Amino acid sequence: MALPPTPIRQLSPEDASHLLRRTSFGTTDAEIQALAGQSPADAATALLTFPQTLEASGFAPLEAVSAGAAVKLVQADWLWQMLYTPYPLRERLALIWSNHFVVGVDKVKNVYALQNYLNLLRSRSLGNFTTFAVEIGRSPAMLHYLDNDQNKKGHPNENYSRELLELFTTGIGHYSEKDVLEGARALTGWTYQGGKNQNQDFAEEPRFVFNAGQHDTGSKTYLGQTGNFAPADIVSLATNHPATAARVAGKLWAAFVSSTPDPAGTSGLAQHFAESGGDLRATLTHLLTSEAFYSTANRAALFRSPVEYLVGAVRSMGRPKLDEKAVIGLVNACARMGQDLLHPPTVKGWDGGREWINDTTLLLRMQSAAALTLGNNAPKGEALTPLSLLGRTDALHSALDSLNDKQRNYLMLISPEYQLI
C-alpha cells in the first residue's frame, strides 16, 4: 500500500521550517518565509533541483605534504560545501549515501579517488539506483576499500561481493554464501590503475579499468538466475532484487521521517521505489510530499548527527563566513562527537539515531555551542529564532525572554529540542 499523498494545501511557516531543517541541515527565518505558502509538491521540486557546481574554498588537498594532511583537507572542503552551498539538500544526500555506500579514509587516502567518490554521491543521488550502484562499484575508492581490485579469476576476493548484498542491496537473509562466491567470480576484472600506494601516491589520479584477462567468463548462478554474468550484471541483479526496495526505503525513511521504523510507511515507499524502477528522485519526491513526512507524530523524530548539529547551527545563523582554521576545527569537533567525515567505524557505517547522544557527546555539543555563540571568536551571524532552529514559534519562550541574543542562541543550541529534527 503506497503512502497516502498530502492533501492539497499550502505550507505554514512551521511546515516550511520542518521541511527545510530536514533537507537543508538548518535554515533562517527569511528562507522559511520564502517557502511558506507554497504547496508541498512545488517546495519539494525546488529543493530537489540543483546543479553540481561547488563553492570555492581555500582548501587544496592536492598540495598537501602527506596523505594524512590531504585527507583532512578533503574532509574540510566537504564540510565547507555543506556550510555554504546554496543547495544543501545535495550535500545532505551525499552525507546520507556516504553512510550507505561506505568508503573509509583509514584505507582510502587518494585525493582524486575521494573527490570522485563524493562527486558520485552528489551527482547520482537522485538518479537510477542501479546506475548509482554500478558507478560506485567501479570507483577507485570503492574498488580499493573493499578489495575488488584484488579480485581475479581463480582467486576470487569476496569482500565487495559480500557487502554488495549484505549492506548495499538486499540485506542479510536474502542471499546465500553461494551467491557471495558466485558474485565474486562475476565481479572479477573490475580494477583500477594509478594511485595504488595510498600513502605515497595520494596525489596521483587513478582510473577505472576492466581487465578482461582477470575476469572469470564461466557460468554463474546468482540470486536464482544463471548466466555468463559480467560485473555490472551482478550489481543489477542485486539492486533489482525485491528486498533491495525495502532496504532503500528504510534508509530514506530513517534519514527524512523518523528513527523509528514504520512497516506500513516503509512498505509503501518501497512499493513506489520498485514501481519507479529505482528512480531516487521520484521516490524522494513521493516521500517529501507525503502525509507521513508532515505528520505531527513524526516531528522531532530524528536525532541530529554531529555534522547536522554543527552545520545546522551555522546555516541557521545565515552562513557567516568562517576561516579555514575554524572549519578544520569543526571537522575535528564532529570527529570528537563520533562522526569523523569519511571515516565511519566499519563498512556498516554509523548506526546513528539515539547512538549519537551520550554524556560525553552532549558535553562536546555544549562546548561547540558555546564557541559558536558566546566565544570571543564566535561568528557574527543572524540571531537564531525558535522557528528557524526548533521549528516552533512558541518554543522556550519563558526561558528565553530575559536573555540577551548570545545567551538565547546558546540556550537554544544546547536545548533537548535542538538535538532533534
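The values are calculated or read from the model by the stated rules, or taken from the named source; none is laboratory data. Every value quoted in this text rests on a predicted model; they were computed, and no experiment measured them. Reconstructed Cβ throughout: ideal geometry from the backbone, glycine too, with neighbour counts over all protein chains shown. All accessible areas refer to the heavy atoms of the entire protein, side chains included, with ligands and DNA or RNA removed. Shrake-Rupley method; radii C 1.70, N 1.55, O 1.52, S 1.80 Å.
Some observations on this one:
- Region 317-330, residues that are of a type in the set (A, V, I, L, M, F, W, C), farther than 15 Å from residue 390 by Cα and either buried (at least 21 other Cβ atoms within 10 Å of the Cβ) or touching a Phe, Trp or Tyr at 6+ places or on another chain (Cβ under 6 Å) (or both): 327, 330
- Summed over region 38-84, residues that are part of a loop (DSSP other than H, G, I, E, B) and open to solvent by 10 Å² or more (accessible area, probe 1.4 Å) total 17.
- Options 276, 258, 290: the member that is open to solvent by 30 Å² or more (accessible area, probe 1.4 Å) and not β-branched (Val, Ile, Thr): 276
- Options 151, 199, 228; residue that is open to solvent by 60 Å² or more (accessible area, probe 1.4 Å) and either touching a Phe, Trp or Tyr at 6+ places or on another chain (Cβ under 9 Å) or in contact (Cβ under 8 Å) with a residue 40 or more places away in the chain (or both): 199
- Considering residues of region 261-273 that are within 20 Å of the chain's Cα centre (by Cα) and more than 27 Å from residue 389 (Cα to Cα) only, the residue most open to solvent (accessible area, probe 1.4 Å): 266
- Residue check for residue 411: within 26 Å of residue 327 (Cβ to Cβ), touching a helix residue (DSSP H, G or I) at 6+ places or on another chain (Cβ under 6 Å) and either assigned to a loop (DSSP other than H, G, I, E, B) or of a type outside the set (Gly, Ala, Ser) (or both): no
- Scanning region 371-408 for residues being assigned to a helix (DSSP H, G or I), at pLDDT 90 or above and open to solvent by less than 30 Å² (accessible area, probe 1.4 Å) gives a total of 7.
- Of all residues making up region 251-285, the number that are over 21 Å from residue 353 (Cβ atoms) and among the β-branched types (Val, Ile, Thr): 2
- Selection within region 293-316 - open to solvent by 10 Å² or more (accessible area, probe 1.4 Å) and assigned to a loop (DSSP other than H, G, I, E, B): 295, 299, 300, 301
- Region 42-71, residues that are within 23 Å of residue 123 (Cα to Cα) and charged (D, E, K, R): 42, 55
- Here 124, 162 are screened, and the one residue that is at pLDDT 95 or above, over 24 Å from residue 226 (Cα atoms) and open to solvent by 20 Å² or more (accessible area, probe 1.4 Å) is 124.
- When residue 247 is tested against (1) of a type outside the set (Asp, Glu); (2) assigned to a strand (DSSP E or B); (3) open to solvent by 40 Å² or more (accessible area, probe 1.4 Å), exactly one condition is not met: (2).
- Some residue of region 35-55 being of a type in the set (Asp, Glu), free of Cβ contacts under 8 Å to residues at least 24 places away in the same chain and either more than 26 Å from residue 281 (Cα to Cα) or out of contact with any Cys (no Cβ under 9 Å at 6 or more places or on another chain) (or both): yes
- Inter-residue pairs, beta-carbon under 7 Å, first open to solvent by 40 Å² or more (accessible area, probe 1.4 Å) and in region 169-184, second acidic (Asp, Glu) and in a helix (DSSP H, G or I), 6+ apart: 172/166
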